[in-house]
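The values are calculated or read from the model by the stated rules, or taken from the named source; none is laboratory data. Being a predicted model, the structure only gives us computed values, none of them experimental. As a convention, Cβ positions derive from the backbone with ideal geometry for all residues, glycine included, and neighbour counts pool all protein chains shown. The area values use the complete protein model at the heavy-atom level, side chains included, leaving out ligands, DNA and RNA. Shrake-Rupley method; radii C 1.70, N 1.55, O 1.52, S 1.80 Å.
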Amino acid sequence: MSAVARSRPGRVARPFLYALIAVGLIAAGHHLWNGAPYPEADPDAVAARLKARAQRVYDEAALAGTPGVESRVETRPCSYRGLRGFAHIDGGRLDVRTFELMWQVTDVPRATARSAQARTRLRLERDGWKLLSENVSDLGFRFEHPGTGDTVDVDWYEPTGTFALRTFSSCGELPDGFSEYDWPAAAWTPR
């Protein structure tokens, strides 16, 4: 067999190998720049989940009074992932948001607040939530749901006697056309 015949497969395979390497490098660079993609979020499902958690803590707390005016699911921007995050350190993505619901009751005595927190904490532990931190406020804690990444903060602020709940979701990519301002699923009032 001649040297020309032996080198022909190498001449044919070499450009394909180079193309394959180039595609791999481009894909790796894209992933390094953008980071892992965020999962898609269903705003109505997330709102329903957060409202159910807020209601459950409200019921378990059994506090006199009703939550303050901040009883609406709101969104907050999430940051860019990957190296792109360094280029956008001063702003978040408009298409990726975290959802949050907060309520609070003021003038709650320390003993009442501690009892309400103990009931809530026991239920979260029984349901498999993971403790992330304690003393988030004067007397508070933060738990994370292992399946959804949702977080619950239960706090009590001694100077004002404010018992507060903040529950929020992990970041997710919003569907096209989502508008937080005309979103009927955002409203929440305790029952």
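Here region 22-60 is the region considered, the condition is being open to solvent by less than 90 Å² (accessible area, probe 1.4 Å) and at pLDDT below 85, and the residue that is farthest from M102 (Cα to Cα) is A22. Scanning region 115-139 for residues that are modelled with pLDDT of 90 or more, surrounded by 13 or more Cβ atoms within 10 Å (Cβ to Cβ) and not in a loop (DSSP other than H, G, I, E, B) yields S115, A116, Q117, R119, T120, R121, R123, L124, L132. Annotation note: of E125, E134, the sole residue that is in contact with a strand residue (DSSP E or B) (Cβ under 7 Å, 6 or more places away or on another chain) and of a type in the set (D, E, K, R) is E134. The residues listed here are F168, F143; of these, the one that is of a type in the set (F, W, Y), open to solvent by 30 Å² or more (accessible area, probe 1.4 Å), modelled with pLDDT of 90 or more and closer than 18 Å to R53 by Cα is F168.
Beta carbons closer than 7 Å, at least 6 apart along the sequence or on distinct chains, never pair a first residue in region 170-181 that is in contact (Cβ under 8 Å) with a residue 40 or more places away in the chain and assigned to a loop (DSSP other than H, G, I, E, B) with a second that is open to solvent by 40 Å² or more (accessible area, probe 1.4 Å) and among the aliphatic types (A, V, I, L, M). Within region 154-165, the set of residues being surrounded by fewer than 20 Cβ atoms within 10 Å (Cβ to Cβ) and free of Cβ contacts under 8 Å to residues at least 40 places away in the same chain comprises Y157, P159. State yes or no: is G10 surrounded by 13 or more Cβ atoms within 10 Å (Cβ to Cβ) and at pLDDT below 70? Answer is no for this residue.
Residue by residue, here is whether (1) out of contact with any Pro (no Cβ under 8 Å at 6 or more places or on another chain); (2) open to solvent by less than 90 Å² (accessible area, probe 1.4 Å); (3) at pLDDT 80 or above holds:
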{"position": "A62", "(1), (2), (3)": "yes, yes, yes"}
{"position": "R76", "(1), (2), (3)": "yes, no, yes"}
{"position": "S79", "(1), (2), (3)": "yes, yes, yes"}
{"position": "R84", "(1), (2), (3)": "yes, yes, no"}
{"position": "G91", "(1), (2), (3)": "no, yes, no"}
{"position": "V96", "(1), (2), (3)": "no, yes, yes"}
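Where residues in region 149-191 are of a type in the set (S, T, Y) and touching a helix residue (DSSP H, G or I) at 6+ places or on another chain (Cβ under 7 Å), which of them is farthest from R76 (Cα to Cα)? The qualifying residue farthest from R76 (Cα to Cα) is T167.
Inside region 35-49, residues that are among the small types (G, A, S) and closer than 12 Å to P175 by Cβ make up a count of 2. It is to be established whether one or more residues within region 126-134 are out of contact with any Cys (no Cβ under 7 Å at 6 or more places or on another chain), closer than 26 Å to T106 by Cα and basic (K, R). Looking through region 126-134, none of the residues is out of contact with any Cys (no Cβ under 7 Å at 6 or more places or on another chain), closer than 26 Å to T106 by Cα and basic (K, R).
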